[in-house]
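Read the figures in this text as sums done on the coordinates, not as results from a lab. This one's a predicted model, so the numbers in the text were calculated from it and none came from an experiment. Virtual Cβ from ideal backbone geometry, glycine too; neighbours counted across all protein chains shown.
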Amino acid sequence: MNIDKKLIKCRACPRLVDWREEISIVKRKAYQDEKYWGKPVPGFGPDDARVLVVGLAPGAHGANRTGRIFTGDSSGDWLYHSLYKNGLAKLEISKSRDDGQELFGTRITCAVHCAPPGNKPNLEEIERCSDWLNQEFKALFPTTRAYLALGGIAWKATITALGEIGEELPRKRPKFSHGANFKFQGSDGNIRLVIGSYHPSQQNTFTGKLTRSQLDSVVRKAGRFAHAGKPL
């Protein structure tokens, strides 16, 4: 997308800039011989996607290392496995930007595009980065039919972005929980789905808060809704 080239030059959040660059120098022992990306991580997938997956932020040693969202860590392993299983990804796993991975009718992005300390961006950073998300939502809106939000922050960011680009959402909406969802009629007359999932973080997957079957279920629902009448 056109915004991607501009996004990777962003230095708007001093704390995040310092952290992403420090991690790229210090590195994790297992990746000492690798060159880290160390910049904002753009979305990944076609610019006419029918499914838009929204995560929290790049992982310090995952996307901040590889330069592709949800690539190179366990969260990405879970997500791509589910996308592959549901016909939305070419490969079951993604390890690097040049591994041949391809998404079908699906794009992945994040509420915050730089790796935050402790995986916790602050409210000011989320707000500052929201302009990038708004631009991406607006560009994708003509084709997107389903929004899959991974985690509470992504759920809120998705709803906020849709409002910012001028969409009128139902006043009565479910609070975030795994599988929470609602539909709305877009300004173009098309019905769209917003659905939530627990984030496939190690904290959630190791404790069993999120299982593979739970993640598969919401990915399948988003994919089927978005591609209704179209072969997956």
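Name the residues whose placed amide hydrogens come within less than 5 Å of the amide hydrogen of L91, ignoring near sequence neighbours (fewer than 5 apart) on the same chain.
Amide H neighbours of L91, under 5 Å, 5+ apart: E102.
Given +1 on the Cβ of Lys and Arg, -1 on the Cβ of Asp and Glu, and no further charges, what dipole in debye does segment 2-226 carry about its Cα centre, rounded to the nearest 20? Don't skip to the answer; put the middle values down first.
Values: 35 positive and 24 negative charges, 96 e Å.
Magnitude of the dipole: close to 460 debye.
May I ask what percent, to the nearest 5, of DSSP beta bridges between residues of the chain are antiparallel? Walk me through the intermediate numbers first.
Working: 7 of 21 bridges.
Once the DSSP bridges in the chain are tallied, antiparallel ones form about 35 percent.
Determine ³J(HN,Hα), in whole Hz, for all residues of segment 35-52 in sequence, where each value follows from phi through the Karplus function 6.51 cos²θ - 1.76 cosθ + 1.60 and θ = phi - 60°; x replaces Gly and Pro.
Along segment 35-52, the couplings run 8, 6, 5, x, 9, x, 9, x, x, 9, x, x, 8, 10, 5, 9, 10, 10 Hz.
Structure shown: which of K5/K156; K9/K35; K6/K183; K6/K138; K29/K95 lie over 20 Å apart, alpha-carbon to alpha-carbon?
Cα-Cα > 20 Å for K5/K156; K6/K183; rest within.
Under 18 Å Cα to Cα from K209, which lysines show up? Leave out anything in the same chain fewer than 8 places away.
Output for K209: K175.
Could you order the peptides 153-161, 60-68, 105-113, 137-145 from most to least packed, using the average number of other C-beta atoms within 10 Å per residue? Don't skip to the answer; put the middle values down first.
Numbers: 153-161: 21.8, 60-68: 24.1, 105-113: 26.3, 137-145: 19.0.
For the peptides 153-161, 60-68, 105-113, 137-145, the packing ranking is 105-113, 60-68, 153-161, 137-145.
Using a Förster distance of 35 angstrom, determine the FRET efficiency expected from the C-beta separation of A30 and D216, and round it to 0.05. Provide the component values of the computation, followed by the final result.
Values: r = 29 Å, r/R0 = 0.82.
Efficiency for this residue pair is about 0.75.
Would you work out if segment 27-155 is rounded, prolate or oblate? Take a ≥ b ≥ c from the square roots of the eigenvalues of the alpha-carbon gyration tensor; rounded if a/c is under 1.5, else prolate when a/b is larger than b/c, oblate otherwise.
Values: a/c = 1.84, a/b = 1.12, b/c = 1.64.
It is oblate, given that a/c is not under 1.5 and a/b is not larger than b/c.
So which GluC sites (Glu not before Pro) in segment 141-208 pass both tests, a DSSP loop state and at most 15 other Cβ atoms within 10 Å of the Cβ? Working shown, then result.
Working: sites: E164, E167, E168; in loops: E167, E168.
The qualifying sites are E168.
Got a sec to turn the phi values of segment 53-69 into Karplus ³J(HN,Hα) couplings, 6.51 cos²θ - 1.76 cosθ + 1.60 with θ = phi - 60°, whole Hz, x for Gly and Pro?
Once rounded to whole Hz, the list reads 9, 10, x, 8, 6, x, x, 4, 10, x, 5, 5, 8, 8, x, 10, 4.
Checking the a/c ratio against 1.5 first, then a/b against b/c, what shape does the Cα gyration tensor give for segment 2-226? Don't skip to the answer; put the middle values down first.
Numbers: a/c = 1.60, a/b = 1.33, b/c = 1.21.
Prolate shape, in that a/c is at least 1.5 and a/b is the bigger ratio.
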